[in-house]
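Have a look at the structure below, then the notes.
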Amino acid sequence: MPQPAIDLVHLARQTGGDQELERELLALFSQQCVRHLRTIHNGADERVKRDAAHTLKGAAQAIGAWQVAAAADRIEQRLSGAGASAAEAEMDALALAAAEARAAISRFDAAA
């Protein structure tokens, strides 16, 4: 069975079940996805890209977006190597995971 884009049980634990806080965190994460993905794809240097991947990974872990966290971690690890750059497949995996998470957030908002 595939893992959900957002682990709502984890999110509820993080927020103490406060649905308003959940919506706020999900909206913030959705915005962060856009900003950090843009930086990872178009950043000036590898350090900036690595920092964006690291920040996105932490934000994803906080809300239970495990696929985004794993994909961002792979990019961060690759960019930690000397002279390394993220592979296109890794970038695509992160973009897809982020799109799935943002779609789940939209469904969550619509259901509220």
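The values are calculated or read from the model by the stated rules, or taken from the named source; none is laboratory data. Computed from a predicted model, the values in this text were never measured in an experiment. Each accessible area value is taken on the protein alone, full model and side chains, heavy atoms only, with ligands, DNA and RNA left out. Shrake-Rupley method; radii C 1.70, N 1.55, O 1.52, S 1.80 Å.
Which three semi-axes in whole Å describe the equivalent ellipsoid of segment 7-82, each the square root of 5 times a Cα gyration tensor eigenvalue, listed largest first?
On the way: eigenvalues 135, 32, 10 Å².
The answer is 26, 13, 7 Å, longest axis first.
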message: Suppose only helical runs count, i.e. DSSP H with n ≥ 4. What mean residue ellipticity at 222 nm does that imply for the chain under -39500 (n - 2.57) per run, divided by all residues and rounded to the nearest 500 deg cm²/dmol?
response: -26500 deg cm²/dmol
- line: Residue by residue through segment 66-73, the couplings from Karplus 6.51 cos²θ - 1.76 cosθ + 1.60 with θ = phi - 60°, in Hz, x for Gly and Pro, are 5, 5, 5, 4, 5, 5, 5, 5
- prompt: With every protein chain present, what is the per residue accessible area of the chain (1.4 Å probe, Å²)?
  reply: 55
- line: Expressed as a whole-number percentage, the relative contact order of the chain with C-alpha contacts under 8 angstrom and at least six residues apart is 30
